Amino acid sequence: MYARIKRTLCRERIIYYFIPAIIVLGTLALYPLINNLWLSVHVKSGQWSIGNYTRLFGDKWFWNAMLITGKWMLVTVAGELLVGLLLANLINLKMRGTKLFRTVLMIPWMTPMIAVCTVWAWMYNGDFGILNYGINKLLGTDILFLSSPSTAILWLAVVYIWKRSSFVMLMYLSGLQGISEDIYDACKIDGASWRTQLFKVTLPLMFPVIRSVLLISIITAMNQFTIAYSITRGGPSRSTELMQMYIYNTGIAGFQYNYGAAASTIFLAVVLCLAVVYIFATEKAEEDAF
Amino acid sequence: MKKRKAAHSALAYLILTAAVAMALFPYFWMITCAVREQKELFTIPPKLLSASVSLDNFTYVLTRTRIPAYMLNSVIIATSATLMCLVVAIPAGYALARFNFKSRKLVSSGVILFKLLPQSAALIPLFILMGKLGLMDTHFGLSYVHLFTMVPFAIWMSRGFFKTVPVAVEEAALIDGCSKPNALLRVVLPITAPGLFSVGVYAFMLSWEEFIFAYTFTSSRAKPVSVGIALFLGEDANLWGAVMASAILMGLPVLIVFFLLQDHFIKGIVGGAVKG
Amino acid sequence: MLSAKKLWSMLLCLTMLCAMVTVGASAAASEPLKVQGEIVVWYSGASESRVDLYEWAKAVIEKTYPGTTVTLEVIPMAELASRQMTACQSGMGPDVMSQPIAATNGFMKLGLLEPVNELMARAGRDLLGEFNPDFFALMRDGDTLYGVPQSRTALALVYNKAMLEAAGLTEAPKTWADVQAYAEKLTQKDAAGNVTVYGFALPGTSGSHIWYRLIPEIWGAGGDICDAEMKTATLDSEATRKALEYYCSFYQNGWAPRSMLENDQTACSQMFASGAVAMTIENVSWIRNNILKDNLFEVGVALYPGMSGTNTAGLGGWNACIPASAKNKEGAAAFINLVTGKEGMEKQLLMPALTEVLAAGDWTDSFYGPYSTMLADHSRDFPAFENAAAAQNVIMNMVQSVLTGSATMDDAIAGANAEIQALLDEQNAE
């Protein structure tokens, strides 16, 4: 009897390889997601209610955070894409010393976000910041980076793009290096200009890479917290309050567990929908391109 | 034609140099601010380089603040998190790379899905749970929670590394009489050791710079240095010089490790992320 | 089967047990504190004297009770209220909390604090006798006290004497109109038109700093944030409008630093100390420790100018409290005893709350005089919000939206009024 149990258990089961992962992700991801959903449809006293969701729809600060996160995502993803592609193409030219360039350009990405944020916060300072001083000397005007609610988020985006471009550049570089030289030689024989080369050859071939990098960029951008917290704490007048910060402020610092859970459920739904829609839309586009 | 090529090269170099200057300027500023005296920081207009060089800020940070204690916390938390992460991710990554089982696509999609989850989705329930279990402000509690972000990445990266090992090598070992797990241990791991090491290092760095969970789940005993720096600006003095000094102290280990292991990293990150 | 012998022996044991317990209990009540293990202390502000005070207390405790360790943690002011609250609510709080007096009432009402009567009695203290009983007004529930006062302060206006004299101003400003006129005169520009010295600095960020500097202006203009019973928000009033206009006028006219929206009061005071700002509103501790001590320049102190006379300042200061979820309450009590005892009081925060030390000092010269007068004659408690941090943030957002122009004055005030009302409703619902 025991021998049989021992044999069954000791048999080669694929699931054994996954047991630690199942335990960890089950407790850290699955359980909280379900609990989050449960919390959002209850009130503090324990009653079932969808009041949290109705309250959210009328909460201007919730929509404020959504809008800001959306704006943030568009600006940073576009910025990363452009800068990353540009740098990748330049490095791919394989001139002398590009390895050094590549290494140095990666330093911002490797530095911890909070360390990066402290120095940028100091550089952006209105009176003692070196950046405004430089702009004053060169252009004669002042830019008060962190004092204007309409543009503060854009200046934060600059910091984020500065930090993340090299990561994106690496991805594109590996994609570029995957395109064989033969194709470019064929182009030269056909007499194609660099513009044709870029748009008709390079970009379509790079499409799979661009597609997966964009997805990562979008999701990572939406999940930011540190940058908004450490440079502006969500101000001025809550104009840089990204969604994750809103959830922390209401759910944890404001002790409204149920309300915060509702906000984070909606945010999660948005993120997942975005990912799914993106994957479907780009799959079709990829087929069309070929 | 040659002239054009030269002009193109010159333009490329120009742009790259400008990019490098922009990338490095904040570091230059961080260092010059850290080595000058406090009062030199608050002049209007700001000075690019100050006359005096002093290490006062570093001595202040190292002797009169709790930053060294926070760094120790960070080391403990990141190390235990990395060890746990490797134990979890290596078998899973191996299984995903090698075995062709029915739900394989589902599991891979699941791993990708977990990678996309925002931390705020788990924040509030974990806050309540950790409070009830008494894991608040403990090293173990925070290292365990760090696995939330680390494990999906680690599974994905190690899967990429395992895929690079030709199946023939394993089959040779199996023919020689090893069982599958044994084959994994004795043959595959040594081959992929450098790659897995870089997975470990990357995971360590994820934990080192993690902020939102650290901010929520620790208060003083287990506070890591990422939170320590964020809370540095105090009531009686915004000691920016000391903040710069502690930012340098926090970022330097990471940068040194990066320089030593660049190639491994890049291979791992690119391989893992793009071929997804 | 219960035999008589067994019954009697059981009864005897029971009686002995009861006797021991009763004797033990009464002994414990007057037993000295058992101090061991780790004591975690949170305080705010890293000014020299505070660091000295807490390091001294740490050294004494560790020497007197070998084997104990004291862990000191400095929390920045901007985070203080929310960090302490989150920590206490989730059970990861410290053992000793030095907190601003505005917060203690809220913590007490939420049940987050441990009563200190018994613990301090065991340390040999008579709280109501040694301190001014008024200091406990917001932290007592009947006879149960929830904190020990460390200091009490009221804000005053500070100015750079040399700068005022150079501008031909002989007296300190007394009213809003004076402050605005002085700020304009004291703002200096260089040849290119860039400002080198700002006339008057006010904080544009940090909820608590703005709270302490806007609410008194509203009081001075005749209004208040809510009614006396704390049931209705009264923020939407002409008084608030005037106060907000005054507060924002400096930034809008260029007499306050351009970085106002990024500056908390600490940044403003640092600019004052480095000569980039001529006037600001700051606490006696900061000025003494950062300017007087190093003799940077001559500081003039004046009563807090309000709309038509001296403002009533909000009572500030620090209490030492023990969270209900503290792990080492007895150690905490011993630490608090040290810090609020005679020797501790002499080392530290101003003004010391211990009656003995306050009476012994001379606080009437030209520097301390106005501060003492403000404290004695022109101060009152702020309305006690349970979630003080939230209320302070509402006011901060109101000020920031007017400073940045992202909302009209009326909208900003109306919005803030609604949010304060929501906080009051939540507070009263329990």
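Specify which of the listed residues (B:Ser103, B:Ser74, B:Ser80) is polar (S, T, N, Q) and away from chain A (no Cβ under 11 Å). Can you show your working first?
Values: B:Ser103 fails: away from chain A (no Cβ under 11 Å); B:Ser74 fails: away from chain A (no Cβ under 11 Å).
Among B:Ser103, B:Ser74, B:Ser80, only B:Ser80 is polar (S, T, N, Q) and away from chain A (no Cβ under 11 Å).
Residues that are among the charged types (D, E, K, R) and surrounded by fewer than 17 Cβ atoms within 10 Å (Cβ to Cβ): does the range A:167-182 have at least one?
Applying the first criterion (among the charged types (D, E, K, R)) to the range A:167-182 yields A:181-182.
Cutting the leftovers down to surrounded by fewer than 17 Cβ atoms within 10 Å (Cβ to Cβ) gives us A:181-182.
Yes - at least one qualifying residue is present in the range A:167-182.
Name every residue in the range C:315-350 that is polar (S, T, N, Q) and either on the phi > 0 side of the Ramachandran plot or open to solvent by less than 10 Å² (accessible area, probe 1.4 Å) (or both), in order of residue number. Full working, then the answer.
First, pick out the residues of the range C:315-350 that are polar (S, T, N, Q): C:319, C:325, C:328, C:337, C:340, C:348.
Selection gives C:Asn319, C:Thr340, C:Gln348.
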*Any chance the range A:78-86 includes a residue that's buried (at least 20 other Cβ atoms within 10 Å of the Cβ), more than 14 Å from chain C (Cβ to nearest Cβ), under 24 Å from the mean Cα position of the chain (by Cα) and of a type in the set (A, V, I, L, M, F, W, C)?*
yes
*Given the conditions (1) touching a Leu at 6+ places or on another chain (Cβ under 9 Å); (2) of a type in the set (A, V, I, L, M, F, W, C); (3) more than 9 Å from every other protein chain (Cβ to nearest Cβ), report the number of the one that A:Met106 does not fulfil.*
(3)
*In the range A:199-221, which residue that is touching a residue at least 12 places away in the same chain (Cβ under 8 Å) and more than 30 Å from A:Met243 (Cβ to Cβ) is surrounded by the fewest Cβ atoms within 10 Å (Cβ to Cβ)?*
A:Pro204
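Condition first: more than 8 Å from chain B (Cβ to nearest Cβ) and either open to solvent by 40 Å² or more (accessible area, probe 1.4 Å) or within 23 Å of the chain's Cα centre (by Cα) (or both). Now tell me which residues in the range C:274-284 satisfy that. If you could, list the steps in order and put the result at the bottom.
We begin by selecting, within the range C:274-284, every residue more than 8 Å from chain B (Cβ to nearest Cβ); these are C:275, C:277-284.
Residues satisfying the conditions are C:Met279, C:Thr280, C:Ile281, C:Glu282, C:Asn283, C:Val284.
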*asked:* Among the residues in the range B:77-88, are any in the same structural domain as B:Ala193 (by TED's automatic domain parsing), at pLDDT 80 or above, in a helix (DSSP H, G or I) and more than 30 Å from B:Asp137 (Cβ to Cβ)?
replied: no
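Which members of the range A:129-143 meet the condition of being open to solvent by 40 Å² or more (accessible area, probe 1.4 Å) and not in a helix (DSSP H, G or I)?
Narrowing the range A:129-143 to residues open to solvent by 40 Å² or more (accessible area, probe 1.4 Å): A:131, A:133, A:137-143.
If the condition is that a residue be open to solvent by 40 Å² or more (accessible area, probe 1.4 Å) and not in a helix (DSSP H, G or I), then A:Gly140, A:Thr141, A:Asp142, A:Ile143 are the ones that fit.
Yes or no: A:Gln224 closer than 20 Å to A:Arg164 by Cα and free of Cβ contacts under 8 Å to residues at least 40 places away in the same chain?
Working: closer than 20 Å to A:Arg164 by Cα: yes; free of Cβ contacts under 8 Å to residues at least 40 places away in the same chain: no.
No: the conditions fail for A:Gln224.
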*Does B:Phe148 qualify as being open to solvent by 50 Å² or more (accessible area, probe 1.4 Å) and at pLDDT 90 or above?*
no
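Does A:Ser264 satisfy the criteria of being touching a residue at least 40 places away in the same chain (Cβ under 8 Å), crowded, with 23+ Cβ neighbours inside 10 Å and within 14 Å of chain C (Cβ to nearest Cβ)? Even if it seems obvious, please write down each step before you answer.
Numbers: touching a residue at least 40 places away in the same chain (Cβ under 8 Å): yes; crowded, with 23+ Cβ neighbours inside 10 Å: yes; within 14 Å of chain C (Cβ to nearest Cβ): no.
Considered against the rule, which asks whether it is touching a residue at least 40 places away in the same chain (Cβ under 8 Å), crowded, with 23+ Cβ neighbours inside 10 Å and within 14 Å of chain C (Cβ to nearest Cβ), A:Ser264 comes out as no.
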*Criterion violated by A:Leu272 - all others in (1) within 14 Å of chain C (Cβ to nearest Cβ); (2) surrounded by fewer than 20 Cβ atoms within 10 Å (Cβ to Cβ) satisfied*: (1)
*Any chance the range B:115-131 includes a residue that's closer than 27 Å to B:Val167 by Cα and either part of a helix (DSSP H, G or I) or within 12 Å of chain A (Cβ to nearest Cβ) (or both)?*
no
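Can you name every residue in the range C:124-166 that is in a helix (DSSP H, G or I) and assigned by TED's automatic domain parsing to the domain that holds C:Tyr212? Even if it seems obvious, please write down each step before you answer.
If we filter the range C:124-166 for residues that are in a helix (DSSP H, G or I), which is where we start, we get C:127-130, C:133-139, C:161-166.
Within the range C:124-166, C:Lys161, C:Ala162, C:Met163, C:Leu164, C:Glu165, C:Ala166 meet the criteria.
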*Looking only at the range B:20-39, which residues are open to solvent by 40 Å² or more (accessible area, probe 1.4 Å) and either over 30 Å from A:Gly84 (Cβ atoms) or free of Cβ contacts under 8 Å to residues at least 60 places away in the same chain (or both)?*
B:Ala21, B:Met22, B:Leu24, B:Phe25, B:Phe28, B:Glu37, B:Gln38, B:Lys39
_Just checking: which of the helices (runs of 4 or more DSSP H) contained wholly in the range C:344-430 hold 1 or more residues that are under 21 Å from C:Phe107 (Cα atoms) and modelled with pLDDT under 85?_
C:388-404, C:409-429
*Note down all Cβ pairs under 6 Å where the first residue falls in the range A:63-85 and is touching a residue at least 24 places away in the same chain (Cβ under 8 Å), the second is in a helix (DSSP H, G or I) and of a type in the set (S, T, N, Q), and they're at least six residues apart or on different chains.*
A:Val77/A:Ser217; A:Glu80/A:Ser165; A:Glu80/A:Ser217; A:Val83/A:Ser165; A:Gly84/A:Ser165
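Within the range A:48-58, does at least one residue satisfy the condition of being among the aromatic types (Phe, Trp, Tyr) and either open to solvent by less than 40 Å² (accessible area, probe 1.4 Å) or assigned to a helix (DSSP H, G or I) (or both)? Write out each step before concluding.
Within the range A:48-58, the first condition is being among the aromatic types (Phe, Trp, Tyr), and the residues that meet it are A:48, A:53, A:57.
Narrowing the set further to residues that are either open to solvent by less than 40 Å² (accessible area, probe 1.4 Å) or assigned to a helix (DSSP H, G or I) (or both) leaves A:53, A:57.
There is at least one residue in the range A:48-58 that is among the aromatic types (Phe, Trp, Tyr) and either open to solvent by less than 40 Å² (accessible area, probe 1.4 Å) or assigned to a helix (DSSP H, G or I) (or both).
The values are calculated or read from the model by the stated rules, or taken from the named source; none is laboratory data. Note that this is a predicted model, so its numbers are computed, not measured. Methodologically, a virtual Cβ is constructed for each residue, glycine included, from the backbone with ideal geometry; neighbour enumeration extends over all protein chains shown. With ligands, DNA and RNA removed, areas are computed over all heavy atoms of the protein, side chains included. Shrake-Rupley method; radii C 1.70, N 1.55, O 1.52, S 1.80 Å.
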